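Bear in mind that the values in this text are calculations on the coordinates, not laboratory data. It should be emphasised that the depicted structure is a prediction, and the values quoted were computed from it without experimental measurement. FYI the Cβ positions are ideal-geometry reconstructions off the backbone, even for glycines, and counts take in every protein chain you see.
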Amino acid sequence: MAGSSGGSQMSSPAAPKILLAKPSVSPITGKFGRGNSDDDNASHRSRLPPVSSLNMLSDSWDFHIDRFLPFLTENTDFTVVGVIGPPGVGKSTILNAIYAFDGSSPGMLPPFSVQSDEIKAAAKHCTIGIEPRVSAERFILLDVQPVFSPSILAEIIRPDSSSSVPVLGSDSLSAELAHEIMCIQLGVLLASICHVLLVVSEGVHEDNMWHLMSTVDLLKHAIPDPSSPALSRLQISEIGPEMEFKDKLSEGNEYMATPIFVHSKLQDQDLSPKNILQLRKALAQYFESSSFTAGRNGSELVEPVSSVIPSKSSRNQHESYQLAMWKLRDQVLSSKSTSFSRPVSEREWLKNSAKIWEMVKNSPIIAEYSRALQSSGMFRR
C-alpha cells in the first residue's frame with residue numbers, strides 16, 4: 001500500500017474484502033448530528049447527505065467528518081484512491097472493480113451506486129459530493145460527484161442565474177462560473193488528499209479532463225498534504241486568506257497525488273496498438289512540464305500513467321472489457337504513488353482533509369482565477 005510510507009510494489013495482491021460501513025439510522029440533529037435546536041438545523045437539513053450515506057462533502061459544499069470517522073482507525077498504512085470525471089464515464093463502476101465487487105452474487109449491492117436506467121433517462125447524476133468506502137486492507141476509496149455535469153448545474157442555478165452554492169465564501173457568482181470553480185476545487189482537493197487519483201474520460205478524443213487537471217496543477221498552491229504537522233496544529237477557525245496561513249505551511253514541499261489517466265468506453269476502431277500509442281504520446285506531451293510527470297530522462301519523456309478500457313460491447317481482439325478492468329485494478333493496487341511527508345493515521349487524515357477543504361475554498365489563487373474568468377466575458381455576471 002502507499003499509506004504514509006509510500007506505495008511499494010505489490011505482486012498478485014489479494015482481492016480486498018468489502019466493508020459496507022453502515023451509519024446509524026438514528027435521527028440526525030444539528031449540522032453535524034450534535035445540535036439541540038430545531039431552528040439552528042432547519043436551514044441545513046435539506047443540504048445534509050441522506051442518512052444511509054457516509055458522505056464527506058455535501059451538496060451545500062460543506063465537509064462532514066462525523067459519519068465516516070467511526071470507520072477509520074489509528075492505522076498509518078493505508079492508501080487513498082480518488083476518482084474524478086464527467087457524468088457516465090464509469091467512475092463508480094471502476095471503484096467497484098477495485099473493491100473486487102462480484103455483481104453475480106444474489107442480493108449483493110455494490111459499494112458504490114451506479115446509474116440506473118431511470119437515472120440515465122432523466123439525465124441525473126448518481127453521486128453527491130464525496131462518498132467514501134474503506135476495505136479490510138485499508139484502501140480508502142472516494143467516489144466523487146461528476147464534473148462538467150448539466151444536472152448539477154441545473155440544481156444550483158437560481159431564477160436570476162446566480163449560484164445557490166457559495167463556492168468562494170461570500171462571493172456571488174453566476175451558476176455557470178460557480179460550476180466551473182466547483183470542478184476545479186474538487187480537483188485541487190483530491191490532488192491534495194489522495195495517494196492515487198483516477199482521471200476518467202470517455203473515448204480517445206475527449207480532452208476536457210486533461211484541461212481540468214492542467215488547471216488544477218496551475219492553481220494548487222500553498223495547499224499541504226494531510227500529514228503536515230503545521231496543518232495538524234491549525235484550527236479551522238484560523239483558515240482564511242492565504243496570508244494568514246501560508247507561513248505556517250512553508251515547512252513542506254508541495255504535494256501532488258499520482259494520477260492515472262483512464263480513457264473508458266473505447267470503441268474497436270480506437271483500440272489498435274497504433275491509436276493507443278498515439279494517445280499516450282499526446283498525454284505525455286500535454287503534461288510534459290506539469291507536476292503530474294516526473295520530468296525528462298535525458299531527452300526521453302517520462303509518460304504519465306494511463307489506462308484504456310474498451311466498451312462492454314467491444315469485440316476487441318487485443319483486450320476484453322473485463323480483462324482491462326482487472327488490469328486497471330492491479331495497476332491501482334500496485335501503484336508506486338507519492339508518499340505523504342510523514343506517517344499519518346486514517347483518522348488524522350480525515351480531520352486534516354476537512355482543513356484542506358477550507359483552504360481550497362478560501363484560496364486567493366482560485367478566487368483570482370475566478371475573477372479572471374468573469375472578466376473574460378466567458379460567463380454571465
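To the nearest 0.05, how large is the calculated FRET efficiency for GLN322 and ASN275 if R₀ is 25 Å and r is the Cβ-Cβ distance?
According to the calculation, E is roughly 0.75.
Count the net charge of all other residues whose Cβ sits under 13 Å from the Cβ of VAL144, scoring Lys and Arg as +1 and Asp and Glu as -1.
Charge balance near VAL144 sits at -1.
Which links in LYS265/LYS361; LYS91/LYS265; LYS220/LYS281 stretch past 22 Å when you go from one Cα to the other?
Long pairs (Cα-Cα over 22 Å): LYS265/LYS361; LYS220/LYS281.
What order, most packed first, do the peptides 62-70, 182-190 have when packing is the mean number of other Cβ atoms within 10 Å of each residue?
Going by the mean number of other Cβ atoms within 10 Å, highest first, we get 182-190, 62-70.
Return the sequence-ordered ³J(HN,Hα) values of segment 336-348 in whole Hz as given by the Karplus equation 6.51 cos²θ - 1.76 cosθ + 1.60 applied to θ = phi - 60°, using x for Gly and Pro.
8, 7, 5, 8, 5, 5, 7, x, 9, 7, 4, 5, 5
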